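Report on one structure; see the data block that follows.
The values are calculated or read from the model by the stated rules, or taken from the named source; none is laboratory data. Nothing here was measured: the structure is a model prediction, and the numbers come from that model. All Cβ positions, glycine included, derive from the backbone under ideal geometry; neighbour counts span all protein chains shown.
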Amino acid sequence: MATPIEIDQATLDALRESVDAVLAEKCDSTALHAFVDGKTALDQDLWTQAASLGWLGFGIPEEHGGLGLGLRGLAILHTELGRQAAPGPYIATLCAGHAIAARGTDAAKKTWLPRIAAGEIRAAIPASLSTSRSAGLTLSSTGVSGTLRCLGSPDSAFVLTPAGEVWVIVELTEAASAVVPMWDRTRETIDIRLQQAKPAAILEDASGIAAALLQAMTLAIAADSAGAARSITDRTIAYMKTRQQFGQPIAGFQALKHRAADLATRLAVMEEMVAHALHRAAADAPDADIWTSLAKAETTENFVFIATDCVQLHGGVGYTWDYDPHIFLKRARLNEILAMANPALRDRAAAALAAATRAGQSALELDV
Amino acid sequence: MSILDAKDDLTKFRAEIRTWLADVVPADWKARMARASNEEYIAGQRWWMAERRKVGLAVPHWPVEYGGAGLTLQHLIAIAGEMARADAPMARMFTISLIHLPGTLFPHGTEAQKRHYLAGVAKGDVWCQGFSEPNSGSDLASLRCRAVRDGDRYVVNGQKIWSSYSMYADHCILLTRTDPDAQKHRGITYFIMDMRAPGVEVRPIRQANGRAEFGEIFLTNVSIHAENMIGRENNGWRVAQATLASERGVIAFEGAERQRYEIEAFYHKALASGAAWLRDDQLRREFMGFLAEMQAGRRMLRRVLAESETPEASASVLPSLVKLSATVLRQRICSFMTRIAGVEGQDFALLAEEPFGSPMFDFLSAFSGTIAGGTNEIQRNIVAERGLGMPRV
């Protein structure tokens, strides 16, 4: 693993604050709505900004042009991106980068990681890493063929994907990627169609790559969900303090206060789930996959619950295109199904727990 | 080497506690408690305090000058963690004695009160809390138990309720109304009451879980000397805040650590025996969710403890968030255990030897978490108003 063991917490906090400050300014509610309405290229602008500020290299090892913060860097960035529901192909590009850094060949690392860290390219990855092999791509002596729904932008430079028994990196042309408009306009999926495409790299360590990519995706999605859920809750409570009915702000009604307190309780738990998963994964603990899998399943379902309640707590305006809740609700619904279905993730965690227990290990140590 | 001799090395301190617990905790204590009468339970509590006293762990967190060992919060965490790991008995009957009384006396008591009463606790005195009344629950400051000054004494009449172990208590920390005309928070006075004084009558209250841990206290012309007032007359509400804040999360921390070992032992057994629920997709997935929430809760409790020693602690709503999440999680876990236990889970049984061996008892007991110590509804008010800045109207 390329993850450093000891990183100063103050450094991480400073990074988080700097990302937060930039995104709060560049990707506020007004900017986000203008983008959602197709009036701006906020996604491109943010990407350029992220590249120039070095955000895309947070998780990439230092020898490949990054900051070397590993999964911690990934989690910080995605928490903050989630907070502003920021548009862009961050999950696909950065998780591909993480998987290549963790389990890729040296050649693949040298070719792709510096360009990811610099923000020169974006990458695509399968939207779902389900263990089923019925769909997806095949690899033969003539190349990679088939169609695959991917997370990523249509200008992705490559796709990191399973093909038959191995994983491959295939360079993409615009012609090979068809964008699929989604309800969540802050992220993109593409259908890629490959016909005997020559892979740029064949990665034999299929299970290693798959595990590293799933771990990065589950953590990134969990962090995004925790940040986004916190943010839409804050926005909703701020609205409730201004909205007057029956001669008072609706935030003064106890029925609504208790709902808000329950959301705050869920948020506190979600944030600790992400922190625990991150802590175990960054330490390369044997139980890490249990906690990253569960963190994704739990936080995304909580995000859906919270975003749904935030629509309701807004009342009529919450159901309109012009207010923020629907943007977060759509992001929540995408997060929920990305990477792997939540029941499958819980089963994966259960299998890992059973294996650890049979091996005489406890998976319940906190080590904090 | 004794445990306290190792206090400068936390790792060694922990190891010493572990060794002591392995030696002192009888393997069959739970089995015995499961069948124990009230008297046997009380005897068991006194035995456990006596064992702790022998190794200097009766009041380890108190300053040395009051008979304690002057240990830090980190030591308390180590002790609680080891108690949980060893599944040692809890000193439930001494909660007020060990936590709330010193938490009140250290900031507000007179030197004479500290010397006299803390020494008594170190010897095994049982204290109870006389705060809630039948008509003053969540609205505690509306309490009406009346104390009227008569020379250098006060005469107290009224009723207190939900007072844990008051049937066995030697003393009571008591809130009374001394100025009925003042604004409700300003007419309250805080006393130490001798539970054997004439006019004190306690009736146990049987709970839904079949046990009777708390009692109702009836006070008829009980005479209390003015020297047993804590703080000034009519300043009792402020003193009571110290009592309520004294817990600092250590008990909740130990509870969460105990639950971790309980769940782990339960799971080990289920896995080894091939329990049916593990093959049920929905139940297995629900259980995994509990584990994620449990780990999150344990992390939150560590933050509560770390925060408790900072100046920000008094304004923090983190303890309320922890109480809300942990007590509801406990309820859901016990509910799960009740569902998977089938009809046998409905067999009447109190304490069980096995983890979740009496799931209905655990499920019913979980209400003590959601209701006691400030109901979850009050916690929600605190989170919304203090944490989220939602207006009081």
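Tell me yes or no: at least one residue of segment B:143-153 is in contact with a strand residue (DSSP E or B) (Cβ under 6 Å, 6 or more places away or on another chain), crowded, with 19+ Cβ neighbours inside 10 Å and under 30 Å from B:GLY44 (Cα atoms). Checking segment B:143-153: not a single residue is in contact with a strand residue (DSSP E or B) (Cβ under 6 Å, 6 or more places away or on another chain), crowded, with 19+ Cβ neighbours inside 10 Å and under 30 Å from B:GLY44 (Cα atoms). Go through (1) free of Cβ contacts under 8 Å to residues at least 60 places away in the same chain; (2) surrounded by fewer than 24 Cβ atoms within 10 Å (Cβ to Cβ) one by one and return the number of the condition A:ALA211 breaks. Every condition holds for A:ALA211 apart from (1). Taking the listed residues A:GLU272, A:GLU301, the one that is in a helix (DSSP H, G or I), within 8 Å of chain B (Cβ to nearest Cβ) and acidic (Asp, Glu) is A:GLU272, with no other qualifying. On the basis of being surrounded by 22 or more Cβ atoms within 10 Å (Cβ to Cβ) and basic (Lys, Arg), does A:LYS330 make the cut? Against the criterion (surrounded by 22 or more Cβ atoms within 10 Å (Cβ to Cβ) and basic (Lys, Arg)), A:LYS330 does not qualify. Scanning segment A:239-256 for residues that are more than 9 Å from chain B (Cβ to nearest Cβ) and within 12 Å of B:ALA384 (Cα to Cα) turns up just one, A:ALA255. Residues that are part of a helix (DSSP H, G or I) and without any contact (Cβ under 8 Å) to a residue 60 or more places away in the chain were ranked within segment B:262-275; the one that is farthest from the other protein chains (Cβ to nearest Cβ) is B:SER273.
On the given criteria, is B:ARG146 over 22 Å from B:SER246 (Cα atoms), under 21 Å from the mean Cα position of the chain (by Cα) and outside the structural domain of B:ILE42 (by TED's automatic domain parsing)? The answer is no for B:ARG146. Of the candidates A:ALA210, A:ALA229, A:ALA216, A:ALA277, the single residue that is within 30 Å of A:VAL168 (Cβ to Cβ), more than 11 Å from chain B (Cβ to nearest Cβ), out of contact with any Pro (no Cβ under 8 Å at 6 or more places or on another chain) and assigned to a helix (DSSP H, G or I) is A:ALA216.
Conditions (1) surrounded by 15 or more Cβ atoms within 10 Å (Cβ to Cβ); (2) touching a strand residue (DSSP E or B) at 6+ places or on another chain (Cβ under 7 Å); (3) under 29 Å from B:PRO89 (Cα atoms), marked per residue:
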residue	(1), (2), (3)
B:ILE224	yes, yes, no
B:GLU254	yes, no, yes
B:ALA272	no, no, yes
B:LEU278	yes, no, no
B:ARG284	yes, no, no
B:GLY289	yes, no, yes
B:ARG298	yes, no, yes
B:LEU318	yes, no, yes
B:VAL322	yes, no, yes
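Against the test of being assigned by TED's automatic domain parsing to the domain that holds B:ALA366 and in contact (Cβ under 8 Å) with a residue 60 or more places away in the chain, the options B:ALA306, B:ALA292, B:ALA326, B:ALA296 yield a single qualifying residue, B:ALA326. The criterion of at least 3 residues that are free of Cβ contacts under 8 Å to residues at least 40 places away in the same chain and farther than 21 Å from B:ALA352 by Cα is met, among helices (runs of 4 or more DSSP H) falling completely within segment B:27-92, by B:38-54. Touching a helix residue (DSSP H, G or I) at 6+ places or on another chain (Cβ under 9 Å) and at pLDDT below 95 - does that describe any residue in segment B:213-232? Yes: one or more hits.
Summed over segment B:316-344, the residues that are within 20 Å of the chain's Cα centre (by Cα), under 16 Å from B:GLY289 (Cα atoms) and among the polar types (S, T, N, Q) give a count of 3.
Residues in segment A:326-350 that are of a type in the set (Gly, Ala, Ser) and either more than 10 Å from chain B (Cβ to nearest Cβ) or under 27 Å from B:ARG302 (Cβ atoms) (or both): A:ALA332, A:ALA339, A:ALA341, A:ALA349, A:ALA350.
For segment A:123-156, a residue qualifies if it is under 20 Å from A:ILE221 (Cβ atoms) and either outside any loop (DSSP other than H, G, I, E, B) or without any contact (Cβ under 8 Å) to a residue 60 or more places away in the chain (or both), and the qualifying residues are A:ALA123, A:ALA124, A:ILE125, A:PRO126, A:SER128, A:SER132, A:LEU148, A:ARG149, A:CYS150, A:LEU151.
For segment B:85-95, the condition holds for at least one residue, the condition being that it is among the hydroxyl-bearing types (Ser, Thr, Tyr) and closer than 24 Å to B:SER163 by Cβ. If you go through segment B:95-119 and keep only what is surrounded by 17 or more Cβ atoms within 10 Å (Cβ to Cβ) and over 19 Å from the mean Cα position of the chain (by Cα), you end up with B:HIS108, B:GLY109, B:GLN113, B:LYS114, B:TYR117.
One residue stands out in segment A:257-269 among those that are within 29 Å of the chain's Cα centre (by Cα) and not aliphatic (A, V, I, L, M): the one that is nearest to the other protein chains (Cβ to nearest Cβ), namely A:THR265. Cβ-Cβ contacts under 9 Å between residues 6 or more apart (or on different chains), taken from a first residue in segment A:58-86 that is closer than 20 Å to A:GLU271 by Cβ to a second residue that is of a type in the set (Phe, Trp, Tyr) and not in a helix (DSSP H, G or I), are listed as A:LEU69/A:PHE58; A:GLY70/A:PHE58; A:ARG72/A:PHE58; A:GLY73/A:PHE58; A:LEU74/A:PHE58; A:ILE76/A:PHE58; A:LEU77/A:PHE58.
Reported count of residues in segment B:44-68, each being surrounded by 19 or more Cβ atoms within 10 Å (Cβ to Cβ) and among the hydrophobic types (A, V, I, L, M, F, W, C), is 6. The requirement of being in contact with a Gly (Cβ under 8 Å, 6 or more places away or on another chain), part of a helix (DSSP H, G or I) and at pLDDT 95 or above is satisfied by B:MET167. In segment A:353-368, the residue that is surrounded by the fewest Cβ atoms within 10 Å (Cβ to Cβ) out of those that are more than 10 Å from chain B (Cβ to nearest Cβ) and under 17 Å from B:ALA292 (Cα atoms) is A:ASP367. Of the residues screened, B:GLY236 is not one that is within 30 Å of B:PHE287 (Cα to Cα) and crowded, with 23+ Cβ neighbours inside 10 Å.
The set of residues from segment A:324-346 being without any contact (Cβ under 8 Å) to a residue 60 or more places away in the chain and touching a Lys or Arg at 6+ places or on another chain (Cβ under 7 Å) comprises A:PRO343, A:ARG346.
In segment A:171-194, the residue that is nearest to the chain's Cα centre (by Cα) out of those that are in a loop (DSSP other than H, G, I, E, B) and more than 10 Å from A:LEU151 (Cα to Cα) is A:THR186. The number of residues in segment B:120-140 being assigned to a helix (DSSP H, G or I) and surrounded by 15 or more Cβ atoms within 10 Å (Cβ to Cβ) comes to 4.
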